[in-house]
Amino acid sequence: AALKGGLRFQVSAALKEGRVAPTELCQRCLSLIKSTEFLNAYITVAEETALKQAEESEKRYRRGQPLGVLDGIPIAVKDNFNTAGIETTCASNMLKGYISPYNATVVQKLLDQGAVLLGKTNLDEFAMGSGSTDGVFGPVRNPWSYSRQYKEKSVPKSHSEDKDSNWVITGGSSGGSAAAVSSFTCFAALGSDTGGSTRNPAAHCGVVGLKPTYGLLSRHGLIPLVNSMDVPGILTRCVDDAAVVLSSLAGHDPKDSTTIQDNFKPFELSDLTDVSKLSIGIPKEYHAPGLSSEILALWSKAADLFKNAGAKVIEVSLPHTRYSIVCYHVLCTAEVASNMARFDGLEYGHRSDMNKSTESMYAATRREGFNDVVRGRILSGNYFLLKQNYENYFIKAQKVRRLIANDFVKVFGSGVDILLTPTTLSDAVPYMEFIKEDNRTRSAQDDILTQAANMAGLPAINVPTALSERGLPVGLQFIGRSFQEKQLLTVAKWFEKQVKFPMIQLEEGKRHDHGVFQHQKSASFL
Amino acid sequence: AAARGCGGVWRRAWQRGAGGPAPAPRGQRALACNVRGGAVPAGKSGLAPWVPVVGLEIHAQISSNSKLFSGSQVQFAAPPNSLVSFFDASLPGTLPVLNRRCVEAAVMTGLALNCSINKKSLFDRKHYFYADLPAGYQITQQRVPIAVNGSLSYNLCIDNKMSQMVTKTVRIKQIQLEQDSGKSLHDDTRSQTLVDLNRAGVGLMEVVMEPDMCCGAEAAAAVRELQLILQTLGSSQAVMAEGQLRVDANVSVHHPGEPYGVRTEVKNINSIRFLAKAVDYEIERQIEELESGGTILNETRVFDSKLGCTVPMRDKEGKQDYRFMPEPNLPPLILYDARSLPANMNHQQVVNIDWIHERLPDLPSVKRAKLVERYGILPEHSFTLLNEDGLAEFFEDVIKQTQMKPKKVIGWILKDLLSYLKQHSLTVKESPVSSFLLADLLNCLEKKEISSTAAKQVFAELWKGEGKTPLEIVKEKNLQLIQDQKDLEQICQAVIDGQENEVIICQWC
């Protein structure tokens, strides 16, 4: 059912009033995608089908019968969701050229509500990474690298250096989706979030990134990383938009037995009027080593903001969070080892020419199809699952996971409504800097503030908060109670309103009219 | 373009089939099963006797419309790869959805085998790479299966005499739900393997029997009883020839008082007769191996029905570590009983153990007892009646329509009908003589309208299936007994008149 009166996308008002036609909107997005191609945000642009969908939408608007608030809205989808008829690659040689015969449930729901699917966004191979740098189609560039805000503040090291070498990463693994939203090429994008893969790039790209409660959104059609932690993520420009997309996607799916049975009631966000009833928890363990002083300052400033508005702000403890990284490593690699077993070259995807025997074909296919990161995780995962190691690693990690989840239960049980934490340790680093460390070290560092929410299955959201000294976005994270998205988003919306995160000023985008694209005035929080 | 077709073709390096030298002929020592559970007599060497130990793992394909975790149809001998859903082909992003019917079949079977049903059971992934296992793992129930700790009673004839039967019991360790694999079809001449995924994902119940048996005959009798139970329940069609019932036997031998010997697993047994042969062969082989100073390897062997022996299985050389892991896409399977059933739930949403229990049909053992009690037939006859699908029903149908005593009817069923069926390799359902016709015939006999010799003749005519009634045949062939006094007197007089000399001799004697 369409949402009544919940028109939160500013552009949907424009569509409804006929100020812009769906085809026109679609074409503008497509030409923006072209002019920002260097960002490498998209792996596949589905120009033809997108225009067709836009035409259909336009007909509905002309008849005065749009399907709802999402009708005609251009969206992008991370390339690890199955899309019928459009290539789904997971940024891997293994699935290059793979065209799925079916749509993921969340994709189908978007299409059923008239959304226009522009294309598939870039990621780390099989979503294994935190930079969107480790995919077979190359790294994603953070649109903020090309913003006036960043250019003004970054000083080129030397003139001989390529003027382009300062570009910063998007974070990951849903970096393509974050960059796509951030650069105005779409109005909302789907990401996936297993350890922070939606919130991390959202923070680096200055967009809203929502990781819903595990079980609220269907995973059917999302190519899994860690089944017990994966959730489809939502990337939008503002919290209201995230609420609209969430409402259109949430609910039971008979094709995913881990989704909630209860009916989900779509909601729209009202303004938070009485902040004084709110209890905000500040987990002390999130003062993690490596947390930049800038972010630390921003974090306490945000806490003060709530305090000054009358909220109760208390320090809380999540003592087991420190074990989250090592625990995640075992659980993640074990599931990866299992999930990747199906890629053997027989039914679909890459198949090696090696034909000495079935086994040698398997081995060569997997050697050629997966990058080092994926193969490394498969190897460790299989090691942890060996009979002799299972008790010591997998079972222990599961127990630790329970402890981590219980920490949250205790804190929320003590009356805390929402936890406020940083999303990342620092702002986005230049690509040249980032690739000095290996994927494993980077993932371990970068997921540290986001991962525990996945362990516990809790909803969490990144809200862009301010620009760093280098002119790059910094976000803060709110973590809520299970299935209490409405409360979480209401608080996030209030916060968003207070901080007035600045609009990205894209130099390359100057040529374009941003009339319908902009809906936030720039005014700085700091 | 869509995903690459599922019927991929590729080369295969290993050679299928048994390699190595032909097995040496085994000694002809009779391995008559000792029904009292004693040891097999000592071998040629005259040393201590051997105790064979046999355990069974039985995979029964669940009789259901659709597969265990997908909506594809289940059907035997459908065109290759015509019953394959995206999930069955393990397309990335697909998820399992548990089929309720399969759960109910397993609960039914568990209850029939006196198991305790676990109200909470779990699914696990068992990993190995094989061409007909598209996901690279099988979803099974390794940690907590749906049913545990049951038992199966079966009857065994001593010295092949139906009249001497002993009841034995084998413990059931567990019943677990799991997925079937696809089928690999090897084309040795082109050194290719073709994969058919129609069977991939069909629901199986793995019934694990404790090593409580000691010979092929026991194993065969236990499996036969299980087969009858499954067919009675309808939880599996359990036709071995169609692969709906697959039996693996674990066999070892040891001396009395000593720990169990190293066991081998014998696979590829596709009939109950071969099960008995394979087990006995393997016991013999192990005894001979040990008595000639050899050792038994913990290996998988296949039964070669042509050669009548077991040979090591080449494909499964080397120990596999299955790297079990909980299946993260399926929540625990929760079953309810009358007490735990939530008030606001209906039968469509949950599986209620008590509800299933109340609706269990009579099991073969109960059916037999009832037949014996109701009709006064011999116990061994009740076994024969149940052993043939539909024969007991046929028998009861005849009884309903005839005045003949059941004890007499049973003879006609077992001696005449059954031997005709066997002779023509027909099932009861295919019998050209219906229960109605047989009852009609028996009524003629009972009313003394025909002699029993004539009745046999009529039966033979009925078998031709020409649509004639027994009465028509009797008239046509003039087989009726003469009941009119005058007619009889006339015939007698005619005989007497024609044999004057004999009559005179008789009179003089």
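Quick notes
- Distance between the stretch B:246-281 and the stretch B:122-161 - C-alpha centres, whole angstrom: 17
- B:Glu430-B:Gln349 FRET efficiency (beta carbon distance; Förster radius 30 Å; 0.05 resolution): 0.10
- Shape of chain A, Cα gyration tensor, a/c cut at 1.5: rounded
- Debye, to nearest 20: dipole size of the stretch B:53-326, +1 on Lys, Arg Cβ, -1 on Asp, Glu Cβ: 860
- Charge dipole of the protein assembly as shown about the Cα centre (unit charges at C-beta), most positive-ward option of A:Gly114, B:Gln141, A:Ser300: A:Ser300
- Three-way shape call for the stretch B:98-252 based on the alpha-carbon gyration tensor, with the a/c threshold at 1.5: oblate
- Based on protein heavy atoms only, the stretch B:53-326 ends up with 38 Å² per residue of surface accessible to a 1.4 Å probe.
- Using a cut-off of 30 Å between Cα atoms, the listed pairs A:Lys255/A:Lys312; A:Lys399/A:Lys493; A:Lys211/A:Lys399; B:Lys400/B:Lys429; A:Lys312/A:Lys500; A:Lys120/B:Lys183 include A:Lys255/A:Lys312; A:Lys399/A:Lys493; A:Lys120/B:Lys183 as exceeding that distance.
- Interface A-B: total buried accessible area of about 3600 Å², 1.4 Å probe, protein heavy atoms only.
- Note on chain A: dipole from Cβ charges, positive end direction compared against A:Gly175, A:Gly471, A:Ala91; the farthest Cα belongs to A:Gly471.
- Distance from the stretch A:407-462 to the stretch A:70-116 (C-alpha centre basis), Å: 27
- Within the protein assembly as shown: Cβ-based charge dipole about Cα centre, in debye rounded to nearest 20 (Lys, Arg +1; Asp, Glu -1): 2020
- Net charge dipole, chain B: roughly 1340 debye, given to the nearest 20, about the Cα centre with Cβ charges of +1 for Lys and Arg and -1 for Asp and Glu.
- Under 23 Å from the Cα of A:Lys59 - lysines, other chains or at least 8 residues apart: A:Lys4, A:Lys16, A:Lys109
- Solvent-accessible surface of the stretch B:364-477, taken per residue with a 1.4 Å probe and all protein chains present: 52 Å².
- Radius 15 Å from Cβ of A:Asn406, net charge of other residues (Lys, Arg +1; Asp, Glu -1): +4
- Residues in the stretch B:327-362 that, when all protein chains are in place, have 30 Å² or more less accessible area than the chain alone would give (probe 1.4 Å): B:Pro328, B:Asn329, B:Pro331
- Of the DSSP H helices in chain A, those whose Cα atoms cover at least 24 Å axially and whose Kyte score averages -1.0 or more: A:396-413
- Helix-only CD estimate at 222 nm, as mean residue ellipticity for the protein assembly as shown, using -39500 (n - 2.57) per DSSP H run (n ≥ 4): -10000 deg cm²/dmol
- Rolling a 1.4 Å probe over the protein heavy atoms of chain A, with every protein chain left in place, gives an accessible area that is 51 percent carbon and sulfur.
- Stretching the chain fully between B:Lys408 and B:Thr169 yields a gain of 82.8 nm (0.36 nm per residue, less the alpha carbon separation).
- Net charge over other residues, Cβ less than 10 angstrom from the Cβ of A:Gly221 (K, R count +1; D, E count -1): 0
- Overall form of the protein assembly as shown per C-alpha gyration tensor (a/c, 1.5; a/b vs b/c): prolate
- Local electrostatic count at A:Asn371 - Lys and Arg +1, Asp and Glu -1, tallied over other residues with Cβ under 14 Å: 0
- Accessible-area value, A:Phe501, 1.4 Å probe, nucleic acids and ligands omitted, Å²: 20
- The mean number of Cβ atoms from other chains found within 10 Å of a Cβ in peptide A:334-343 is 6, as a whole number.
- With the charge dipole of the stretch B:53-326 set up from +1 on Lys and Arg Cβ and -1 on Asp and Glu Cβ about the Cα centre, the Cα lying farthest toward the positive end among the listed residues B:Val279, B:His255, B:Thr169 is that of B:Thr169.
- Bridgeable aspartates and glutamates around A:Lys486 (alpha carbons under 17 Å apart, same-chain partners fewer than 8 residues away excluded): A:Asp240, A:Asp241, A:Asp262, A:Glu268, A:Asp271, A:Asp274, A:Asp417, A:Glu496.
- For the stretch A:248-264 versus the stretch B:422-455, the gap between their alpha-carbon centres in whole angstrom: 61
The values are calculated or read from the model by the stated rules, or taken from the named source; none is laboratory data. It should be emphasised that the depicted structure is a prediction, and the values quoted were computed from it without experimental measurement. FYI the Cβ positions are ideal-geometry reconstructions off the backbone, even for glycines, and counts take in every protein chain you see. Note: areas computed on protein heavy atoms with side chains; ligands, DNA, RNA excluded. Shrake-Rupley method; radii C 1.70, N 1.55, O 1.52, S 1.80 Å.
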